Amino acid sequence: MSELEQGIRQICATFHNDKSRMMDIVQAVQARFGCVSSVALDLIAKAVGTARVEVESTVSFYTFLTDQPKGKIVIRLCSDVIDEMFGMGPVARAFEDALGIKVGQTTPDGAITLEWTACIGMCDQAPAAIINDTVVTYLSTDKAREIVAELRKSGDPRKLVHRLGDGHNAHPLVRSMVHNSIRRKGPVVFADLPPGSALRKALAMSPVEVIRDVKTSRLRGRGGAGFPAGMKWEFTRQSEGERKIVICNADEGEPGTFKDRVILTEYADLLFEGMAIAGYAIGAKEGILYLRGEYAYMRPLLDHILQVRRDAGLLGREVCGKRGFDFDIRIQLGAGAYVCGEETSLISSCEGLRGDPKNRPPFPAQKGYLGCPTSVNNVETYCCVARILDRGPGWFAEIGSKGSPGTKLFSVSGDCASPGVYEYPFGVKLIELLRDVGAEDAAAVQVGGPSGHLVGPADYNRSLEYDDLATGGSIVIFNKDRNVVHVVRKYLEFFVEESCGYCTPCRVGNVLLLQKIEDILHGRGTPADLAYLEQLAKTVKVTSRCGLGQTSPNPVLSLLKSFRPVLEALVKPQADEFLPTFDIRAALGSTEDLIGRKSVVFTP
Amino acid sequence: MSDTIPFTIDGVAVEGRPGQTILQAADDAGIYIPRLCAHKELHPFGSCRVCTVKVNGRPQSACTMPCAKGMVVENNTPELLEHRRGLVEMLFVEGNHYCMFCEKSGNCELQALAYRLGIMAPRYPFQFPDRNVDASHPDVLIDRNRCILCARCVRASHDLDGKNVFQFVGRGSKKRIWINAEAKLKDTNLDVTDKAVEICPVGAILKKRQGYAVPVGQRLYDHQPIGSDIEAKRAAAAQA
Ligand SMILES: Cc1cc2nc3c(=O)[nH]c(=O)nc-3n(C[C@H](O)[C@H](O)[C@H](O)COP(=O)(O)O)c2cc1C
Ligand code: SF4
């Protein structure tokens, strides 16, 4: 038996030859053998009893998985617009020069691969990159050259870590240079809670009473959609099925969002406490923390905290001595796919499939993970839950605004004096936040990430809450020197890259939107293009199957609504009826080469 | 009558049966809702989005949405027709569709739907993707240039043929229909009689040596638009 075959058998056996653990299996195979090769696909399929093409389908979906050998070290540069604004362009070139390759290539000795990757959740310390699992931040051209020299010398990305970050970033199990950048603490999330105190209070009540408290608090989901958490739990509890599942969505892929990163680093206990409370309320024994692949560097710490909680009786059999309540949590690591933050894609991914969203109905609360009633909530939502059970729903409901009780964490980045994470009561005015972060002169603000809205000064007096400017927490600030049309192009590039490709409008429509925006940026636009963009954006929005496609045209629609003069200045009325995108000289070029003479083009 | 579900489509009263989707109930009632990925022998997939309707004002795919009592469904509205045209045009520009050289012409659901929706030429730029043809199998050919990623073959192979010949690889605009083998269709257990072969709505999966058995001009959609069979039911009911 070959080493590969033996290794794969062993890995598959570790996961009980269970094909629903495909994500873990292929990640382990890749970690050990460098890639999931064609032979490996066959071996895995055989071991778990599925078709080869099913394994291939999963592997080919995720950015971090590959069937082709890559370098032992993979440098992933963050392609986000913020990183670009803070100098990623020259940094990328410095990497290319030092390595002697282009982005997308591997050094001839097979040692190092250089790639682009979507937002890695480090916008407050951009430009940044991930090298295997090691995060490097505040990059410069000098640093790029030093990094390459060090990697060439030691071959070990962990040797790149010099000065450790604050808080748990310096924990021996993390040892990361990442900074938390907590800038403003509020009473709900960034406050201290002795482990177990909220859970014990919850366990003293009946599950139905716990749900009642969460409903009374009027807590709404912090992941973006704002669905009432108590209602979701009630549906899940009432759904038929013995086995129920609690999932925490820590995929945090929306560009410009990094608040969950900080919670996971510093307040994981609070999160796990909330998950256990959810498990008790819903009647679930199993919890899954879906951690985005980019945050793999935190996994050892999170595993450790889970173990400490097990040892303290806060997880495992008879939690806190409560008869009949067993609950434990496992971590499912993602592998680079923004769409997996969408709750039904996330469930597909946990099941070992490609991260395609599922059709609804049935909703996850009815039929979710492996067909079991499942409740998916955001990291911050669980933290609020723990606090609500500890301090009472009335206390919580008093904070914030009427329709949006509690506080919200905002990930602030871009052109401001103090990027970082801010906890505010809901209802804070955008202008207040801009003042606090040192960005009163902002020319444009992207509220809620690319899928949210790009607003200008006319909207700064609006408040940040579900019923006005809703956001999962991302606030990206642009000053007057930034080109908003270019920002929109970057966001469309992101959606094109991250669309799962399941449905027509999102798979094709986003490409078409991007092409038209590029035409306009290159001076090939006409006034008619604005109507074209509007119609296309609407078709994508109305007909897309999941939240990704339903929101991906938002940057374009924001541009048309709030920055129309900028667009109008870019498109030029045509004197004649010809298509400005048509370049007759270029079109004739290959024919001219072939026949060896220039054509005569009539110019009036 | 207690086990029927009354609702309306464009103001017309429709009775759905429990477990039926809007699309199925509409078919039974003789109301045509355009679709490409949906097929009556397959479970709903919801990928082409051509059957998007509005249910109480909210967009939903009719092929996946169960009917519910009292729902108000909009189908044939100018807005929805415009979106459907957009979707069909997207499918045309996404692949390489040269109808005049395609042996499926006249039997092709994509082409027929374009005619029905009144599309003369797509408003979007052609993408001219680089896709391959696999003619390795003795009896079946895959031309990926014409694939619209509807997953009919994937579902049919799995659910009706009891095989696993087709599946998708890649994501986003790089998504492709792929096969259960390293590279060639001949290395799969596909048989020319498989449901997965005949169920392709376009000219992406074709039986070899049968392309012109029925001459152009006598084909399925040469004389009446796609959906006419469904609409004929309602016309017949109205006469009775
Ligand atoms: C494309 C897409 C990406 C998403 N990414 C995330 C994410 O990273 N984290 C998150 O909590 N919710 C994300 N969501 C929202 C989830 O689908 C879901 O609504 C949320 O996890 C529910 O938790 P909540 O009710 O506590 O907010 C995303 C939605 C879409 C459509
Ligand atoms: S809108 Fe469609 S293609 Fe886009 S991510 Fe959702 S399901 Fe996939």
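The values are calculated or read from the model by the stated rules, or taken from the named source; none is laboratory data. In this text the structure is predicted, and so the values were computed from the model without any measurement. For neighbour counting, all protein chains shown are included, and Cβ atoms are generated from backbone atoms with ideal geometry for every residue, glycine included. To get the accessible areas, we keep the full protein, side chains included, count just its heavy atoms, and leave off ligands, DNA and RNA. Shrake-Rupley method; radii C 1.70, N 1.55, O 1.52, S 1.80 Å.
Odds and ends about this structure:
- For segment A:183-397, the per residue solvent-accessible surface stands at 32 Å², with DNA, RNA and ligands left out and a 1.4 Å probe.
- The alpha carbon gyration tensor of segment A:271-360 gives principal lengths a ≥ b ≥ c with a/c of 1.5 or higher and a/b no greater than b/c, which makes the shape oblate.
- Summarised as an ellipsoid, chain B has semi-axes of 32, 20, 18 Å, derived from the eigenvalues of the Cα gyration tensor scaled by 5 and square-rooted, with the largest first.
- Spacing of the two label points (7 Å from each Cα toward its C-beta) at A:HIS486 and B:ASN132, in nm: 3.9 nm
- Difference of contour (0.36 nm per residue) and Cα-Cα distance, B:VAL12 to B:ARG209: 66.4 nm
- Nearest 10 degrees, 0 to 90: helix B:228-239 Cα axis against chain B principal axis: 20 degrees
- Surface/4 estimate of mean projected area, convex hull on alpha-carbon atoms of chain A, nm²: 30.5 nm²
- Pairwise label distance in nanometres, A:GLN10 with B:TYR98, each label 7 Å out on the Cα-Cβ vector: 5.4 nm
- Using a cutoff of 8 angstrom between alpha carbon atoms and counting only pairs six or more residues apart, the relative contact order for segment A:3-61 works out to 37 percent.
- On a per residue basis, segment A:73-162 carries 39 Å² of accessible surface, using protein heavy atoms and a 1.4 Å probe.
- Rg and Dmax [Cα atoms of segment A:134-284; Å; Rg one decimal, Dmax integer]: 20.2, 60
- Solvent-accessible area per residue in segment B:138-204 equals 34 Å², computed with a 1.4 angstrom probe and all protein chains kept.
- Inter-chain shielding of A:49-61 (mean C-beta neighbours from other protein chains, 10 Å cut-off): 5
- Highest-first packing order for the peptide set A:373-383, A:108-118, A:286-296, A:219-229 is A:373-383, A:286-296, A:219-229, A:108-118, based on the mean count of other beta carbon atoms within 10 Å.
- Taking segment A:519-537 and a reference point 7 angstrom along Cα→Cβ of A:ARG564, the backbone N atoms nearer than 15 Å belong to A:527-535.
- Size of charge dipole - segment B:96-207 - debye, nearest 20, with Cβ of Lys, Arg +1 and Asp, Glu -1, no other charges: 520 debye
- Sorting the segments B:188-201, B:207-220 by their mean number of nearby beta carbons within 10 angstrom, highest to lowest, gives B:188-201, B:207-220.
- Percent accessible area from carbon and sulfur atoms, chain A, protein chains only, probe 1.4 Å: 52 percent
- Residues A:ASP156 and A:LYS102, FRET efficiency given R0 of 25 Å [Cβ-Cβ distance, rounded to 0.05]: 0.55
- Summarising the label geometry, the points placed 7 Å from Cα in the beta-carbon direction at A:LYS185 and B:LEU220 lie 6.7 nm from one another.
- Charge dipole (chain B, unit charges on Cβ, about Cα centre) - positive-most of B:TYR124, B:ALA232, B:LEU91: B:TYR124
- The mean number of Cβ atoms from other chains found within 10 Å of a Cβ in peptide A:378-391 is 0, as a whole number.
- Only Cα sites of segment A:484-570 enter the Debye sum here, all with the same form factor; the resulting log10 I(q)/I(0) across q = 0.15, 0.20, 0.26 1/Å is -0.46, -0.82, -1.33, listed in q order.
- Accessible surface buried by the A/B pair amounts to about 3400 Å², both sides summed, 1.4 Å probe.
- Averaged over the residues of peptide B:173-179, the number of Cβ atoms from other protein chains lying within 10 Å of each residue's Cβ is 5.
- The accessible-area loss of segment B:138-172 on complex formation, taken against its chain alone with a 1.4 Å probe, reaches 40 Å² or more at B:ASN164, B:GLN167, B:VAL169, B:GLY170, B:ARG171, B:GLY172.
- When each of the peptides B:122-128, A:33-39, B:163-169 is scored by how many other beta carbons lie within 10 Å of its residues on average, the order from highest to lowest is B:163-169, A:33-39, B:122-128.
- Cross-linked pairs A:LYS19/A:LYS244; A:LYS490/A:LYS572; A:LYS244/B:LYS40: Cα-Cα separations exceed 27 Å for A:LYS244/B:LYS40.
- Kyte-Doolittle at least 0.0, axis length at least 15 Å by Cα - qualifying DSSP helices, chain A: A:22-33, A:38-48, A:88-99, A:268-282, A:379-391, A:484-498, A:510-521, A:528-543, A:584-595
- For segment A:183-397, a/c is less than 1.5, where a ≥ b ≥ c are the root eigenvalues of the C-alpha gyration tensor. That puts it in the rounded class.
- Relative contact order for segment A:73-162, counting Cα pairs under 8 Å that sit 6 or more residues apart, in percent: 36 percent
- Going from the chain on its own to the full set of protein chains, segment B:54-82 has these residues losing 40 Å² or more of accessible surface (heavy atoms, 1.4 Å probe, no ligands, DNA or RNA): B:THR64.
- Length-normalised contact order of segment A:151-221 in % [C-alpha pairs under 8 Å, at least 6 apart]: 15 percent
- Space enclosed by the convex hull of the alpha-carbon atoms of segment A:407-478, per residue, Å³: 69 Å³
- Modelled FRET efficiency - R0 45 Å, B:ALA235 with A:ARG585, Cβ distances, 0.05 increments: 0.20
- Rounded to the nearest 20 debye, the dipole size of chain A about its Cα centre is 940 debye, using +1 on the Cβ of Lys and Arg and -1 on the Cβ of Asp and Glu.
- Ordering A:VAL508, A:LEU567, B:CYS48 by the projection of their Cα atoms onto the charge dipole of the protein assembly as shown, which places +1 on the Cβ of Lys and Arg and -1 on the Cβ of Asp and Glu, puts B:CYS48 at the extreme positive end.
- Equivalent ellipsoid, segment A:1-45 (semi-axes from 5 times Cα gyration tensor eigenvalues, Å): 14, 11, 9
- With a 1.4 Å probe rolled over the protein heavy atoms of all chains, the accessible area of A:ASP436, B:ASP134, A:ASP326 falls in the order A:ASP436, A:ASP326, B:ASP134, largest first.
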